[in-house]
1. Search the stretch 417-434 for residues that are over 12 Å from Ala454 (Cβ atoms) and in contact (Cβ under 8 Å) with a residue 12 or more places away in the chain and pair each with any residue that is within 6 Å of the ligand (Cβ to nearest atom) and part of a loop (DSSP other than H, G, I, E, B) when their beta-carbon atoms are under 6 Å apart and the residues are at least 6 apart or on different chains.
2. Filter the stretch 295-335 for residues that are under 19 Å from Met481 (Cβ atoms) and more than 16 Å from the chain's Cα centre (by Cα) and give the result.
3. Using the structure shown, decide if Ile456 is β-branched (Val, Ile, Thr), within 16 Å of the ligand (Cβ to nearest atom) and closer than 25 Å to Ala437 by Cα.
4. Quick one: in the stretch 524-534, of everything that is modelled with pLDDT of 90 or more and near the ligand (Cβ under 9 Å from one of its atoms), which residue is farthest from Thr438 (Cα to Cα)?
5. Among the candidates Thr272, Thr296, Thr268, Thr228, single out the residue that is crowded, with 22+ Cβ neighbours inside 10 Å and β-branched (Val, Ile, Thr).
6. Output the strands (runs of 3 or more DSSP E) that fall wholly within the stretch 164-205 and possess 2 or more residues being in contact with an Asp or Glu (Cβ under 8 Å, 6 or more places away or on another chain), buried (at least 24 other Cβ atoms within 10 Å of the Cβ) and of a type outside the set (Val, Ile, Thr), or say none.
7. Just to be sure before I move on: is Gly247 surrounded by fewer than 19 Cβ atoms within 10 Å (Cβ to Cβ), small (Gly, Ala, Ser) and at positive phi in the structure I sent?
8. Can you confirm whether the stretch 538-550 contains a residue that is within 12 Å of the ligand (Cβ to nearest atom) and either in contact (Cβ under 8 Å) with a residue 12 or more places away in the chain or buried (at least 21 other Cβ atoms within 10 Å of the Cβ) (or both)?
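The values are calculated or read from the model by the stated rules, or taken from the named source; none is laboratory data. Just so it is clear, the model here is predicted, and its values are computed rather than measured. Ideal geometry is used to build each Cβ from the backbone, glycine not excepted, and the neighbour counts take in all protein chains shown.
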Amino acid sequence: MTSPDTAQTPKQYLPPQTLVRSAHVAGRAAYDALAAEAEADYEGYWARLAREFVTWKTPFKTVLDTSHAPMFKWFEDGTLNVSYNCLDRQVNAGRGDKVAIIFEADDGKVTHTTYAQLLAQTCRMANALKQLGIGKGDRVAIYMSMSVEAVVAMQACARLGAVHSVVFGGFSAHSLRDRIADTGAIAVITADEQVRGGKTLPLKALVDDALALGGCEAVRNVVVYRRTGGAIAWQSHDRWLHELTQGQPEVCEPEWVGAEHPLFLLYTSGSTGKPKGVQHSSGGYLVQAAVTAKWTFDLHDDDVFWCTADIGWVTGHSYIAYGPLALGATEVVFEGVPTYPDAARFWRMIEKHKVTVFYTAPTAIRSLIKAAEGHDAVHPRNFDLSSLRILGSVGEPINPAAWEWYHAHVGGGRCPIVDTWWQTETGGHMITPLPGATPLVPGSCTLPFPGIMAAIVDETGGDLPNGQSGILVIKKPWPGMIRTIWGDDARYQSSYYPPELRGYYLAGDGAARDPETGYFTIGGRIDDVLNVSGHRMGTMEIESALVACTDLVAEAAVVGRPDETSGEAICAFVVLKRSRPTGEEAGKLAAQLRNWIGKEIGPIAKPKDIRFADNLPKTRSGKIMRRLLRSVAKGEAITQDTSTLENPAILDQLSEAH
Ligand code: 6R9
């Protein structure tokens, strides 16, 4: 119990009355009724939604198969096609002339693509891919920037039952090679170049480099979308997309697949060095993407939805490529960056396209706050944002100050913010407010989506009372969940279903529930995964990349430290094979290592801080004491017990070496 004089009831923001009346889930009682329905008949609830939201070629009879837990199966005997559900279904329902995608290029050029056009384009690309021998179950890597063509490429794979694996365009040739090799992809779809912030950056050249690194011998073709027309080298296996699709029929019979057929693989960082190929299903995934898109964003027919994520991340899969299209919504797809030509780009685009639902990341909000505070012309108050009715946040915890600013200045004080907690592995939203039903508390992702059994437990899976911090788990399987780690069932089981947790899904985040409201607040990762600007980075992955610089690096340890803008910043402690550099030499070597990481993983993994030392703090048994390094990185005084430390003097050196 908190004493009344110190208790600070955080301010609650009630859903606006207009939303309480018109929302798909209207009012708290409606939320409670759905949650109760799921509680009373879990399978019946999800089966009802699966029938309402998805058109099945063959209806499913079984809902959930737990006989080989944790290898769960949903709607297994049903068949469907995801692209049919996103495109043909809209055209058949009379939405052929409705705009599906408003695309804005980096230079501001806008194109509109209707559902009928998107379907025709998808069919032509699917026919072209088919001609290259791509079919059901084949893996296709997609390495493209934001474009209509990228969405079409994903949809075309789905149409053929091919399994796409999108690799973020900011990843290096090395990372791309690892992903292509792990999936055994037989084709890569890319673009000649990408354009971001007024600059052209290579894509095709990096595909060439990736393939030259070896291990991708299964790749038979590289399909190239001509984005800029810039000069690129041409290999015998390269094909221009426009040449391949020319003359292709605008119809392509969808490949009907079983609900469990993999729709895509998406690599994400875990607590070991090697990224995990998260495998998603067709049926269950689509159900989750569609239901959450509809209820969390309260999407109606006249909404203009804009999710600013890149298709290289799960958010771009569920809330650009699939969820909104499965609902027949109109969405904005943006090629560029929020700060080009200036930091008002988002506000100008919301005004221009009359965006009604806007979904972005806290890191973007924080950097735009900074920009607006430094330069009034880019402040959102200078733009007409009155079309907005709902705002969303994803990727990392949103700090209350950023929440309040987003609410006041972007949402004009009238738009609920849905702070959506979920993961690559969960496929769709898991804990989130519903805008017409849930009173909001800044900094809290509030309550589980109806039908998601989220809980906080201790290390043995025992329930913890509200108010206590613990481990966030999901007690029952859900339709959109990860099916396995590609090619590694054992790693899937040990990563997400460790035996001590009684069959609960281990999310990898710490969290607590409010004693009064039961609202969840996410505390961040409890494993060796960092969240830098909403991007997941494994510390081990960066360490492996550093020690792969064998000429220079003897040993490395990577930790995170809080950062005002990016949430967390990467801090690397490095022991060189030569003596410890200082001054200018240290600066030069740090720059060299940063570039190295950029090449090994990608620019997003470049450490903000690199510190050199003669040694790392280790226990007598040789374990690096990361908790000490975390304190050093933060600049905190060391208060932990250092009695087990082999070489205590090293701490002074590390703290100085700033
Ligand atoms: C969708 C996505 C997942 C990790 C997750 C957590 C963090 C995401 C959050 C959040 C607090 C939120 N995270 N959303 N933390 N509040 N609303 O971001 O997937 O890239 O796999 O990252 O991101 O730590 O475990 P992914």
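1. Asp419/Cys445
2. Once the filter is applied, which keeps residues that are under 19 Å from Met481 (Cβ atoms) and more than 16 Å from the chain's Cα centre (by Cα), the stretch 295-335 yields Trp295, Thr296, Ala326.
3. Details: β-branched (Val, Ile, Thr): yes; within 16 Å of the ligand (Cβ to nearest atom): yes; closer than 25 Å to Ala437 by Cα: yes.
Against the criterion (β-branched (Val, Ile, Thr), within 16 Å of the ligand (Cβ to nearest atom) and closer than 25 Å to Ala437 by Cα), Ile456 qualifies.
4. Val529
5. On the way: Thr272 fails: crowded, with 22+ Cβ neighbours inside 10 Å; Thr268 fails: crowded, with 22+ Cβ neighbours inside 10 Å; Thr228 fails: crowded, with 22+ Cβ neighbours inside 10 Å.
Thr296 is the lone residue from the list that is crowded, with 22+ Cβ neighbours inside 10 Å and β-branched (Val, Ile, Thr).
6. Numbers: elements: 187-191, 193-196, 199-202.
Here the list reads 187-191.
7. On the way: surrounded by fewer than 19 Cβ atoms within 10 Å (Cβ to Cβ): yes; small (Gly, Ala, Ser): yes; at positive phi: yes.
Considered against the rule, which asks whether it is surrounded by fewer than 19 Cβ atoms within 10 Å (Cβ to Cβ), small (Gly, Ala, Ser) and at positive phi, Gly247 comes out as yes.
8. Going through the stretch 538-550, the residues within 12 Å of the ligand (Cβ to nearest atom) turn out to be 538.
If we keep only those that are either in contact (Cβ under 8 Å) with a residue 12 or more places away in the chain or buried (at least 21 other Cβ atoms within 10 Å of the Cβ) (or both) too, we end up with 538.
Yes, some residue in the stretch 538-550 is within 12 Å of the ligand (Cβ to nearest atom) and either in contact (Cβ under 8 Å) with a residue 12 or more places away in the chain or buried (at least 21 other Cβ atoms within 10 Å of the Cβ) (or both).
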